[in-house]
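The values are calculated or read from the model by the stated rules, or taken from the named source; none is laboratory data. This structure is a prediction, so every number in the text was calculated from the model and none was measured. Note that we place each Cβ from the backbone using ideal geometry, even for glycine, and neighbour counts take in every protein chain shown. Only protein heavy atoms, including side chains, enter the accessible area calculation; ligands, DNA and RNA are left aside. Shrake-Rupley method; radii C 1.70, N 1.55, O 1.52, S 1.80 Å.
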Amino acid sequence: MARRFRILFASPEVVPYAKTGGLADVAGALPYALAERGHDVCVMMPRYAALYDGKHPLTAEPTSSFPVPVGSRVETAEVYELAEEKPVRFCFIAHEGYFHRPELYRNPKTGKDWADNDERFVFFSRAIIEWCKAADYRPDIIHVNDWQSALVPAYLKTLYVDDSFFAGSRTVLTVHNLAYHGQFPAKRFAVLGLNKKCFAPLSPFEFYTKVNFLKAGLSYVDKINTVSETYAREIQSGPELGCGLDGILRDRSQDLFGIVNGIDYQVWNPAVDPLLTANYSPDEMAGKQKNKEQLIEACGFDPAMKILPLIGVISRLDSQKGFDLIEEVAEKLFSRKLLFVLLGTGAKNYHLLFEKMQKKYPQTFHAFLTFDNRLAHLIEAGADMFLMPSRYEPCGLNQLYSLKYGTVPIVRRTGGLADTVEDVDLPRETGTGFVFDDYTGKALLAAVDRALAAFALPKSWARIVANGMSRDFSWAASAAKYERLYDAAATSPPFTP
Ligand code: ADP
């Protein structure tokens, strides 16, 4: 039996409290899977505006309140906790000025990042450290996620290096997407509260003259992991997928691991999904067709079109996700007999692209340019195929949801998509999805055509659907791997850069 760890899990977003992407799903599920394995887990996140509306039962008063240095000032952090009996402890770091805002990272009025994002997440990171001391909470493992909490290991190895309170603590940093560095202008370095010398050229905090939170974390943390084995290799392969941090990652390859995300089958399971009006399971698939009919209605398509294959996309609208390939082959794609529904928000150019596409192909293409969790569930349940032509994909969650919902993924062979979708061999009826290699419209179209050909053979299609639904991507297996990672961290001396 592995050692029982006390784990502080820090994340800027956690389902169901705040979410902009896959990190929130991970942070909402992995801690429970770890608790189930006997570990003592405490999750820390900021208390955003939505956490004041009474929807989630938080303690009425802070359970602790303590000073947090930010640059040359001292701010006050208050920690509220979830007032509900749960196997995991949840703490919310409150600071009206920094976190009581409608969006997590972006000002909705300007459409740009909050101008003080550096300061907000300096505060978050230092508040995590100061809370441990104020609450006399000595974690064995401090597990941080992405740039927003990546300064925690950097602070522990600089400002707090002589603090015996943390002598027994080791740090783990999970990179959910290496493209987001938390990068800020050099003149903002003072807000970190570190000696200017720490910002020397090529030092852990400096990246091409800018302040870089993720680089600092990667440089100081004891163990690093990312969310699939293939992505862990890809990010060391060169500057493109390594986003310029590939050199550091190669230097740290002994400490760098890949652990594929699991999914929460209490939330994403068509047999029990409370957001669906028609549930279904591998043994009783009739409900899937009902979801398809509802989805077709929601898209405003002709109900008679329900016999056509329906392709779904749910995604942040970002250049990472491969939409330029869809744009490239749109004319050919929509000459096929199919329906296509997209749900997403993000970059303006893609909003315009998909609005235009909808005008051009109103009978077969519908775009919901919004963030809507219920609709995401309906698309997973109602679509026949799910398209993810990503340029890169650290893990990807939607292809995993799709497998469970009997919605056959069509994916590019990259990162977590490569690790989780097995290419179909139609004559043998093996595999779970349609995988293509080249980042080209032609390759995407060929994969779609293979999927359409398989869809035309109902018996083979049912087999491919069943193959996917039988795969198990629950958190249990991944949590066991995280446990081994913690064990490796705990039994090694602290890493020194
Ligand atoms: P990423 O983390 O790169 O955004 P993932 O596939 O790992 O991509 O996770 C995305 C998560 O966000 C999934 O749970 C997906 O269903 C959800 N999601 C993305 N866009 C939307 C949207 N517009 N409405 C509802 N859910 C969305």
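What to note about this one:
- All of (1) of a type outside the set (S, T, Y); (2) touching a His at 6+ places or on another chain (Cβ under 7 Å); (3) open to solvent by 10 Å² or more (accessible area, probe 1.4 Å); (4) away from the ligand (no atom under 16 Å from the Cβ) hold for I7 with one exception: (3).
- Residue that is open to solvent by less than 10 Å² (accessible area, probe 1.4 Å) and without any contact (Cβ under 8 Å) to a residue 60 or more places away in the chain, where the choices are A94, A167: A94
- Which listed residue is within 12 Å of the ligand (Cβ to nearest atom), closer than 28 Å to D113 by Cβ, assigned by TED's automatic domain parsing to the domain that holds A453 and in contact (Cβ under 8 Å) with a residue 12 or more places away in the chain, from S402, S315: S315
- Wholly within region 217-290, helices (runs of 4 or more DSSP H) carrying at least 1 residues that are away from the ligand (no atom under 16 Å from the Cβ), over 19 Å from F207 (Cα atoms) and not assigned by TED's automatic domain parsing to the domain that holds P394: 229-234
- No other residue among F323, F368 is within 14 Å of the ligand (Cβ to nearest atom), touching a helix residue (DSSP H, G or I) at 6+ places or on another chain (Cβ under 7 Å), more than 26 Å from R450 (Cβ to Cβ) and modelled with pLDDT of 95 or more apart from F368.
- Residues that are within 26 Å of G22 (Cα to Cα) and either surrounded by fewer than 18 Cβ atoms within 10 Å (Cβ to Cβ) or among the hydroxyl-bearing types (S, T, Y) (or both), drawn from region 115-154: A115, D116, S125, S149
- Among (1) within 16 Å of the ligand (Cβ to nearest atom); (2) open to solvent by less than 30 Å² (accessible area, probe 1.4 Å); (3) touching a residue at least 24 places away in the same chain (Cβ under 8 Å) - the single one P16 does not satisfy: (2)
- Selection count where residues are assigned to a helix (DSSP H, G or I) and either among the charged types (D, E, K, R) or open to solvent by less than 10 Å² (accessible area, probe 1.4 Å) (or both), scope region 43-54: 1
- Some residue of region 55-76 being assigned by TED's automatic domain parsing to the domain that holds Y155, touching a strand residue (DSSP E or B) at 6+ places or on another chain (Cβ under 9 Å), charged (D, E, K, R) and surrounded by 12 or more Cβ atoms within 10 Å (Cβ to Cβ): yes
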